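A short worksheet on the structure shown next.
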Amino acid sequence: MIERDTIAFIDAFAGEDARGNLAAVVELDAFPDDEQLLARAAEIGAPATAFLRARDSRGTFDVRWFSPEQEIFLCGHGGLAAGHVALSRTHAQSVNLHTATGKVLRISNSGPDPSYELSLPALPTQPHEWPELIAALGAEPHELRWNPAGYALAIYDRPEQVAGLKPDMSGLETQGKVQITASAAGSLDSRDSDITSRVFSGTGREDAATGSAHAALTPYWSERLGMPQLRAFQASARGGVFVCRMAADQVVLSGRCREAPDAI
C-alpha cells in the first residue's frame, strides 16, 4: 500500500485568478498491477493521478495516469504536475516522461514561479459533420472539427458564446469516448488571452485545465490567426492559463504549477 505522505497534490496550468487543474503525483519504486493503480486513483479522487517511477538518476521517468474511473493515456495537466515533482527531485533543467503508449514527454523548467514547458504531439483537425454533438452543446458553432484520436473542436465567433454554453451533459455522454473543446478567438473581460476555451468529456463532465485540448487548439488557431505563439485561457470554474506554440509536429505548452492548497 502506498502511504499518503508520498503523494504531492499539484495545481497545473494555474495563474493569477486561475486555480488550474488538480493532479496527484504518487512516486513509486515499481508499478503494481493495473487494478491496484486504478483503485488507488479512485481512493485519492483527483481528476488525474500520476504514478511516477524513476528509470535512472539522469532525469528519465516512467509515468502512468489514472482518473478515478480509468487509465488516461495522454494527460497534459498530469504530465506538467509529474514533471514539476520530477524536476524538484532531480534539480535538472528537464526530464523525460515515458508514457504507457511509448510516447516521451519532455518537461523543461522555463522560468521562475515555477513555470514549465511541456511538449505534446500536435493533434490536427479537419472539418466534420456531427449534428448530434452540436445539439448536445446547445449552441450552433461556426465550424466543427475532428481528430480521429477522439478530439472534437467546436469553433465559435465570440468568447462570450463559449462562456455561455450550457451543454446537455447526458447528451454528450451518448457521443462516445470523445473530448469536446469549444473555443473562440479573443478574451473574456481583462484576461488578455488570444483564445478562450471550455472542455467537456464524453463522461459528461467539464474539465478544469486541459493540456491535450490545447494540443488540438494550437495547430488550428496558430494557422488561422497567423500567430506563432498564443496565450490561452480555459474558462472553467477553476480557470486555466496556457502559453502555446508550434514546434514542428509538437505543441509546446508553458504553464505554472503550485502546491495545491485544497488537496483532497
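The values are calculated or read from the model by the stated rules, or taken from the named source; none is laboratory data. The shown structure was predicted, so the numbers you read here are calculated from the model rather than taken from an experiment. Don't worry about glycine lacking a Cβ; one is built from the backbone with ideal geometry, like all the others, and counts go over all protein chains shown.
Below are the figures for this structure:
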item: Identity of the residue in the stretch 147-166, assigned to a loop (DSSP other than H, G, I, E, B) and either not assigned by TED's automatic domain parsing to the domain that holds residue 195 or not charged (D, E, K, R) (or both), that ends up surrounded by the most Cβ atoms within 10 Å (Cβ to Cβ); result: 156
item: Selected residue (criterion: farthest from residue 8 (Cα to Cα)) from residues of the stretch 84-121 that are buried (at least 18 other Cβ atoms within 10 Å of the Cβ) and touching a helix residue (DSSP H, G or I) at 6+ places or on another chain (Cβ under 7 Å); result: 120
item: Pairs where the first residue, in the stretch 213-227, is of a type in the set (D, E, K, R) and the second is surrounded by fewer than 20 Cβ atoms within 10 Å (Cβ to Cβ), C-beta under 9 Å, 6+ apart; result: 223/246; 224/185
item: Looking only at the stretch 45-83, and only at residues there that are without any contact (Cβ under 8 Å) to a residue 40 or more places away in the chain and of a type in the set (Asp, Glu), the one that is surrounded by the most Cβ atoms within 10 Å (Cβ to Cβ); result: 62
item: Close pairs (6 angstrom Cβ cut-off, 6 or more residues apart or separate chains): over 18 Å from residue 122 (Cα atoms) in the stretch 98-110, among the aliphatic types (A, V, I, L, M) anywhere; result: 109/87
item: So residue 183, is it over 21 Å from residue 21 (Cα atoms) and modelled with pLDDT of 95 or more; result: no
item: Lone unmet requirement of (1) at pLDDT 95 or above; (2) within 24 Å of residue 81 (Cα to Cα); (3) touching a His at 6+ places or on another chain (Cβ under 6 Å) for residue 214; result: (3)
item: So residue 13, is it aromatic (Phe, Trp, Tyr), more than 18 Å from residue 100 (Cα to Cα) and touching a helix residue (DSSP H, G or I) at 6+ places or on another chain (Cβ under 7 Å); result: yes
item: Helices (runs of 4 or more DSSP H) enclosed by the stretch 31-146 - at least 3 residues per element that are in the same structural domain as residue 166 (by TED's automatic domain parsing); result: 131-137
